[in-house]
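Engineer: Structure in structure tokens, see below.
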Amino acid sequence: MKDQLTALGFSAGWRLVRALPEGVARALFTAAADRAYQKNGPGTQRLRGNLRRVVGDDMPDTLVRDGLRSYARYWMEAFRLPSKSKQQFLEGFFMEPESYGLMKKAIAEGNGLVLALPHVANWDAAAAWVVSHGWQMITVAERLKPEAVYKQFLDYREGLGMHVVPLTGGGRSPLDVLGERLQEGWVVPLLADRDLSRNGVEVEFFGGRTRMPAGPAILAIRTGAPIYAVDLWYSASRVEARLRPITPPSDGPLDQRVKATTQQLADAFAAGIAEHPQDWHMLQRLWI
């Protein structure tokens, strides 16, 4: 029954939130975020602890409220994205010109790109912007429970124009599939600030130790594709972005090169998150 109610809740969200005027939807989701802030439940407490790692002990508690509002904005926008047009995808996202030039040049030359990003702002809007340029894109999705919710998210992201392979339970290794697509010139974005496999690479991150997935580094090293860490943040009316180039070592054992590359990603993520901490949606335990 709980699984059925969860699936029905997401299904209703995609139908009902799209039907509301945007101003009404935004006000409702902001109010929900403020209620969560006042209730101070486990997720809010975890977000507070994670942001304190970023900002320090003198962190204003209003940052937690703003973080919850940003997280609510992500969900409001996610429920409304399927009703938007290609032109709206392009207008609702902005990439800094230098970064945009890097992407455009690589794709024009037939090269794939690995884009590694933390859970910041609205990564679905970023993906919709990529595919609205006519660029082929493939990513990996965590197989959520219940299965009906996973199917809804799969339909949602494929409806935006992404190709999606499951992290587990697919017919082939996701790394093999993504590697082939990279060699065909596809864009491969991967959420990479939290390890879901328990076999990730241990890195230093905001003064503590955590594990991050090895996949982005392995793909870049195997294929020679350029790899970038992605900063995303919210402005008043859109999502904005910049790319931070990562340079994997060319010599040494593979495991050491993967570790060094993943540490570069962690450092780049930290720099971007520190600039816009309210848009980092990390309500889970992260540090070891």
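To keep it simple, each residue is scored yes or no on (1) surrounded by fewer than 16 Cβ atoms within 10 Å (Cβ to Cβ); (2) part of a loop (DSSP other than H, G, I, E, B).
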{"position": "78", "(1), (2)": "no, no"}
{"position": "81", "(1), (2)": "no, no"}
{"position": "105", "(1), (2)": "yes, no"}
{"position": "114", "(1), (2)": "no, no"}
{"position": "130", "(1), (2)": "no, no"}
{"position": "168", "(1), (2)": "yes, yes"}
{"position": "171", "(1), (2)": "yes, yes"}
{"position": "178", "(1), (2)": "no, no"}
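Engineer: In addition: Pick from segment 26-63 the residues that are in contact (Cβ under 8 Å) with a residue 60 or more places away in the chain and of a type in the set (Lys, Arg): which of them is surrounded by the fewest Cβ atoms within 10 Å (Cβ to Cβ)?
Structural biologist: 46
Engineer: Looking at segment 232-277, which of its residues are modelled with pLDDT under 95 and closer than 30 Å to residue 87 by Cα?
Structural biologist: 236, 237
Engineer: Among the numbered criteria (1) at pLDDT below 90; (2) within 20 Å of residue 84 (Cα to Cα); (3) surrounded by 15 or more Cβ atoms within 10 Å (Cβ to Cβ), which single criterion is violated by residue 158?
Structural biologist: Looking at each condition in turn, residue 158 falls short on (3).
Engineer: Report whether or not residue 146 is at pLDDT 90 or above and assigned by TED's automatic domain parsing to the domain that holds residue 174.
Structural biologist: no
Engineer: Next up: Is it the case that some residue within segment 140-150 is under 30 Å from residue 245 (Cβ atoms), touching a strand residue (DSSP E or B) at 6+ places or on another chain (Cβ under 6 Å), assigned to a strand (DSSP E or B) and not acidic (Asp, Glu)?
Structural biologist: Yes, the conditions are met somewhere in segment 140-150.
Engineer: While we're on this one: Kindly indicate whether residue 23 is modelled with pLDDT of 90 or more, in contact with a Phe, Trp or Tyr (Cβ under 8 Å, 6 or more places away or on another chain) and not hydroxyl-bearing (Ser, Thr, Tyr).
Structural biologist: no
Engineer: If a residue has to be surrounded by 13 or more Cβ atoms within 10 Å (Cβ to Cβ) and in a loop (DSSP other than H, G, I, E, B) to count, how many in segment 265-288 make the cut?
Structural biologist: The number of residues fulfilling the criteria is 5.
Engineer: Quick one: in segment 231-264, of everything that is among the acidic types (Asp, Glu) and outside any strand (DSSP E or B), which residue is surrounded by the most Cβ atoms within 10 Å (Cβ to Cβ)?
Structural biologist: Among residues in segment 231-264 that are among the acidic types (Asp, Glu) and outside any strand (DSSP E or B), the one surrounded by the most Cβ atoms within 10 Å (Cβ to Cβ) is 255.
Engineer: Taking segment 180-201, which residues are among the charged types (D, E, K, R) and either surrounded by 15 or more Cβ atoms within 10 Å (Cβ to Cβ) or without any contact (Cβ under 8 Å) to a residue 24 or more places away in the chain (or both)?
Structural biologist: 180, 181, 193, 194, 195, 198
Engineer: On the given criteria, is residue 95 touching a strand residue (DSSP E or B) at 6+ places or on another chain (Cβ under 6 Å) and closer than 23 Å to residue 244 by Cα?
Structural biologist: yes
Engineer: While we're on this one: Every residue in segment 28-76 that is in contact with a Lys or Arg (Cβ under 8 Å, 6 or more places away or on another chain) and either of a type outside the set (A, V, I, L, M) or in a loop (DSSP other than H, G, I, E, B) (or both), please.
Structural biologist: Of everything in segment 28-76, those that are in contact with a Lys or Arg (Cβ under 8 Å, 6 or more places away or on another chain) and either of a type outside the set (A, V, I, L, M) or in a loop (DSSP other than H, G, I, E, B) (or both) turn out to be 29, 30, 34, 37, 46, 59, 61, 73.
Table: residues versus (1) touching a strand residue (DSSP E or B) at 6+ places or on another chain (Cβ under 6 Å); (2) more than 20 Å from residue 49 (Cβ to Cβ); (3) not assigned by TED's automatic domain parsing to the domain that holds residue 161.
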| site | (1), (2), (3) |
| --- | --- |
| 206 | no, no, no |
| 220 | yes, yes, no |
| 225 | yes, yes, no |
| 236 | no, yes, no |
| 248 | no, yes, no |
| 252 | no, yes, no |
| 267 | no, yes, no |
| 271 | no, yes, no |
| 288 | yes, no, yes |
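Engineer: Filter segment 180-193 for residues that are in a loop (DSSP other than H, G, I, E, B), touching a Pro at 6+ places or on another chain (Cβ under 8 Å) and not small (Gly, Ala, Ser) and give the result.
Structural biologist: Listed by number, the list holds a single entry, 193.
Engineer: Can you find even one residue in segment 195-204 that is part of a loop (DSSP other than H, G, I, E, B), over 21 Å from residue 110 (Cα atoms) and basic (Lys, Arg)?
Structural biologist: Yes, that holds for at least one residue.
The values are calculated or read from the model by the stated rules, or taken from the named source; none is laboratory data. Quantities reported herein were computed from a predicted structural model and do not represent experimental measurements. Positions of Cβ are backbone-derived with ideal geometry, glycine not excepted, and every protein chain shown enters the neighbour counts.
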